[in-house]
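The values are calculated or read from the model by the stated rules, or taken from the named source; none is laboratory data. The model shown is predicted, which means the values in this text are computed figures rather than measured ones. Cβ placement follows ideal geometry from the backbone for every residue including glycine, while neighbour counts extend to all protein chains displayed.
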Amino acid sequence: MIKLYGVAASRAMRCLWMLEELGVEYEHVPINFSDECKTPEYLKLNPNGHVPTLVDGDTVLWESMAINLYLVQKYGGPLQPKSVEEFGHTVKWSFWGMAEVEEPLLELLFHRAIFPEGQRDRAVAERAWKELQKPLGILDDALGGREFLVGNSFCAGDLNLASILAWLQLARADLDGVPNAQRWLTASLSRPALKRARERR
């Protein structure tokens, strides 16, 4: 059986979401960021000492995006890209999110919501929000006149990028200026599989 190591309040969330969307049987091992990631047993699976880690038979993978792309390619279903071209766009949006969005979004999140009040820096949050305007505009333009990022249905590319942008909700970000992105993100985050994934503790 597939094993997925990591807690829902981490990048493991996107892998839990993918597993729930695919409907494959799996065991969730809810280890967190602390010493549980540093045991000799876990470091044999993931020498980085991070989560998530996927074990599927003899296959051991780290890095949440790699795990999700592997899962959708192996187990198929409606989230699987339907052509080489769709696979290329799925990979593009997945890694674009990591490269262009994740860092400033995490800064925004930490300085608006996660850090205690005394440790928050409003200037850092404002700078991060300003930096996010370009990628959010690119995403909004890409979604003009279309419901999904790739193809004609919700797919791995939508899930992977939405799993990053979900932090915008926690950061109390106003997306009124990017209505296409706001509509797409709201629909993506309303999926029942994500609700089930978030219930994993």
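Below is a table of values for the structure above.
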quantity	calculated
Any hit, segment 165-181, residues being part of a helix (DSSP H, G or I) and under 12 Å from Trp17 (Cα atoms)	no
Test result for Arg200, closer than 25 Å to Glu85 by Cα and either in contact with a Ser or Thr (Cβ under 7 Å, 6 or more places away or on another chain) or surrounded by fewer than 21 Cβ atoms within 10 Å (Cβ to Cβ) (or both)	no
Extreme residue, surrounded by the fewest Cβ atoms within 10 Å (Cβ to Cβ), among residues of segment 109-134 that are within 20 Å of Arg14 (Cα to Cα) and among the aliphatic types (A, V, I, L, M)	Ile114
Search result, residues across segment 12-32 that are more than 13 Å from Arg201 (Cα to Cα) and assigned to a loop (DSSP other than H, G, I, E, B)	Gly23, Val24, Glu25
Residues (crowded, with 19+ Cβ neighbours inside 10 Å and more than 14 Å from the chain's Cα centre (by Cα)) located in segment 152-163	Phe154
Matching residues, segment 37-75, being over 17 Å from Met18 (Cβ atoms) and within 16 Å of the chain's Cα centre (by Cα)	His50
Qualifying residue in segment 53-60 (condition: outside any loop (DSSP other than H, G, I, E, B), of a type outside the set (Val, Ile, Thr) and in contact with a His (Cβ under 6 Å, 6 or more places away or on another chain))	no
Extreme residue, modelled with the highest pLDDT, among residues of segment 50-62 that are surrounded by fewer than 19 Cβ atoms within 10 Å (Cβ to Cβ) and closer than 14 Å to Arg11 by Cβ	Trp62
Selection count, segment 26-54, where residues are of a type outside the set (S, T, N, Q) and closer than 21 Å to Ser163 by Cα	11
Any hit, segment 187-199, residues being polar (S, T, N, Q) and touching a residue at least 60 places away in the same chain (Cβ under 8 Å)	no
Among the residues listed as Ala166, Ala187, the single one being surrounded by fewer than 15 Cβ atoms within 10 Å (Cβ to Cβ) and either under 18 Å from Asn68 (Cα atoms) or hydrophobic (A, V, I, L, M, F, W, C) (or both)	Ala187
Every residue from segment 1-29 that is of a type outside the set (A, V, I, L, M) and buried (at least 17 other Cβ atoms within 10 Å of the Cβ)	Tyr5, Gly6, Ser10, Arg11, Arg14, Cys15, Trp17, Glu20, Glu21, Tyr26, His28
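Yes or no, residue by residue, for (1) touching a strand residue (DSSP E or B) at 6+ places or on another chain (Cβ under 8 Å); (2) assigned to a helix (DSSP H, G or I); (3) surrounded by 15 or more Cβ atoms within 10 Å (Cβ to Cβ):
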residue: Ile67; (1), (2), (3): yes, yes, yes
residue: Tyr70; (1), (2), (3): yes, yes, yes
residue: Gln80; (1), (2), (3): no, no, yes
residue: His89; (1), (2), (3): no, yes, yes
residue: Ser94; (1), (2), (3): no, yes, yes
residue: Glu100; (1), (2), (3): no, yes, yes
residue: Glu103; (1), (2), (3): no, yes, no
residue: Leu136; (1), (2), (3): no, yes, yes
residue: Asp141; (1), (2), (3): no, yes, no
